[in-house]
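Shown next, in structure tokens, is the structure this report addresses.
What follows draws every value from the coordinates through simple rules; no lab data is involved. Just so we're clear, the structure is a prediction, and the values are computed from it rather than from any experiment. In this analysis, Cβ positions are derived from the backbone assuming ideal geometry, glycine residues included, and neighbour counts consider all displayed protein chains.
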Amino acid sequence: MSHPSQQGRVLLGPLGGARECLWPLVHEHKAGDPLAPVTVVVPTTYAALSLRQDAGRSGMANVRFVILPRLADDLAAAGLGRVTVSLDTLDEAILDRMSGGKAKLSQILNGISAAESAGFTHIKINTVVQRGVNDHTIMDLLAHFRGSGHSVRLIEYMDVGNCNHWNLTEVVPSAEWIKKINAKWPIRPVQRRTAAETAQRYEYVDGQGEIGLISSISVPFCGGCTRARITADGIFYTCLFANKGTNLMPLVRHNQDRDELRERIRSVWERREDRYSEERGQPGHDQKKVEMYRMGG
């Protein structure tokens, strides 16, 4: 399998105080490395504070709405460049159903307001669209954030993990949204910043911002994917749909040689052959996958 991009992104799930794990992954990659630049998902102030010592590098955090009001100022002060928040609908009853009762609309919106007050002017709003569940609320969500400076990213409902009872009939292809949105608010495509960018971006013709569409079901992008993930207990996964990973914790805890850790990551990354989305539905393809909550999104 060909992976044309030589720039990878390591997404770190909740690390707590495991700075010794975060530090080499964030700070030891130099320009030209297959793993640079690094995008870090850090839901803790402690991890984010590492960013201030890495001048010139922009970090990204996918932050839990519950802690965002408390951490927004610290994340900004630490030098974090971008914040991503998950919000699937503005309908409180539907949000409650989709989140299993864990997400509250007021808390999410308060978190976004706190991020704005802390200086985050361009927040990404990740929205998973499920046909027959929240698809009828999407236009209201887009209207809410039009002109705000924030970008809603509509994500096709994916078969991540093993517990979401995924069904292809519940996927709304991105092409449908392009037509529907364009009919209400004319949009035009925006050139990708990099070949590995996962979202297909569009801007409103009237200047009211942009949206993104992530089409991993209808238009898989395995060949250009440059994302890896590491869990809180040090397991390195090269695909969101992986069924196994590589344990880096022994190298993190018992070895002071960061070069060895770098080379271990590089070796695993260069040998990856992940093509889950491209092979979806083929005989023998179904497999038990790692649950998404372990990977950090």
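Fewest to most neighbouring Cβ within 10 Å: what's the order for 188, 227?
188, 227
Just list whichever of 179/288; 102/124; 184/288; 102/179 have alpha carbons separated by over 30 Å in the model shown. All intermediate terms of the calculation are to be shown ahead of the outcome.
Numbers: 179/288 35 Å; 102/124 20 Å; 184/288 41 Å; 102/179 33 Å.
From the list (179/288; 102/124; 184/288; 102/179), the Cα-Cα distance tops 30 Å for 179/288; 184/288; 102/179.
Skipping prolines and chain starts, which residues have an amide H placed within reach, meaning under 5 Å, of the one on residue 228, given they are 5 or more residues away or on another chain?
9, 10, 11
Segment 114-217: percent of C-alpha pairs farther apart than 19 Å?
Values: 2412 of 5356 pairs.
Of all Cα-Cα distances in segment 114-217, 45 percent exceed 19 Å.
Where the centre of each part is set by its Cα atoms, how far does segment 73-105 sit from segment 182-209, in angstrom?
That distance is 23 Å.
Put a dot 7 Å past each Cα toward the Cβ at residue 67 and residue 184; how far apart are the dots in nm?
Placing both labels 7 Å beyond Cα along the Cβ direction yields 3.4 nm.
Spin-label point model (7 Å from Cα, Cβ direction): what's the residue 168 to residue 102 distance in nm?
Distance between the two pseudo-spin positions: 2.9 nm.
Which order, highest average first, do 67-79, 172-184 follow once you tally other Cβ atoms within 10 Å for each residue and take the mean per peptide?
Details: 67-79: 18.9, 172-184: 15.5.
Descending mean neighbour count gives 67-79, 172-184.
What is the distance, in nm, between label points placed 7 Å from the Cα along the Cα-to-Cβ direction at residue 288 and at residue 206?
So the two model labels end up 5.2 nm from each other.
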